[in-house]
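The values are calculated or read from the model by the stated rules, or taken from the named source; none is laboratory data. Keep in mind the model is a prediction, meaning the values are calculated, not measured. Note that each Cβ is placed from the backbone with ideal geometry, even for glycine, and that neighbours are counted across all protein chains shown.
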Amino acid sequence: MEWMIFGAAAIAAVVAMTIATRNSGRPTRGSGSIGSGVLGGVDEVFAPTKHEARLENDRQTSMPAPAPAPGDGDRGIFEGRIRIRVADTDHTR
């Protein structure tokens, strides 16, 4: 009977780690994401400063795309003319 309690506790720990990994807010990266995600969940609870430092490092190393500003032009994305063909049929009823 005691082994069932131990087994249930082990299963509960695995489920808790899986939930903590999924809800840690970090994007997954490659094959090492599962191990680091589990440790990230543990760090979030037992070492919050280390967890916050890791999140800040992720924020600072990611390069977001610059927001377009008025007057920037097309930035070389569009070159040429746009042609819109309109059917000759009358669709008003």
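The table for this structure:
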{"item": "Residues of the range 55-90 classified as surrounded by fewer than 10 Cβ atoms within 10 Å (Cβ to Cβ), modelled with pLDDT of 85 or more and either closer than 30 Å to Ala13 by Cα or of a type in the set (Asp, Glu) (or both), total", "result": "1"}
{"item": "From Glu44, Glu52, residue being out of contact with any Lys or Arg (no Cβ under 7 Å at 6 or more places or on another chain), among the acidic types (Asp, Glu), modelled with pLDDT of 80 or more and within 30 Å of Thr18 (Cβ to Cβ)", "result": "Glu52"}
{"item": "Residue selected from the range 15-33 under the condition surrounded by 11 or more Cβ atoms within 10 Å (Cβ to Cβ) and in a helix (DSSP H, G or I), by the criterion modelled with the highest pLDDT", "result": "Ala16"}
{"item": "Of the criteria (1) basic (Lys, Arg); (2) outside any helix (DSSP H, G or I); (3) at pLDDT 75 or above, which one Arg93 fails", "result": "(3)"}
{"item": "Close pairs (6 angstrom Cβ cut-off, 6 or more residues apart or separate chains): within 17 Å of Val42 (Cα to Cα) and touching a residue at least 12 places away in the same chain (Cβ under 8 Å) in the range 1-15, surrounded by 10 or more Cβ atoms within 10 Å (Cβ to Cβ) and of a type in the set (Gly, Ala, Ser) anywhere", "result": "none"}
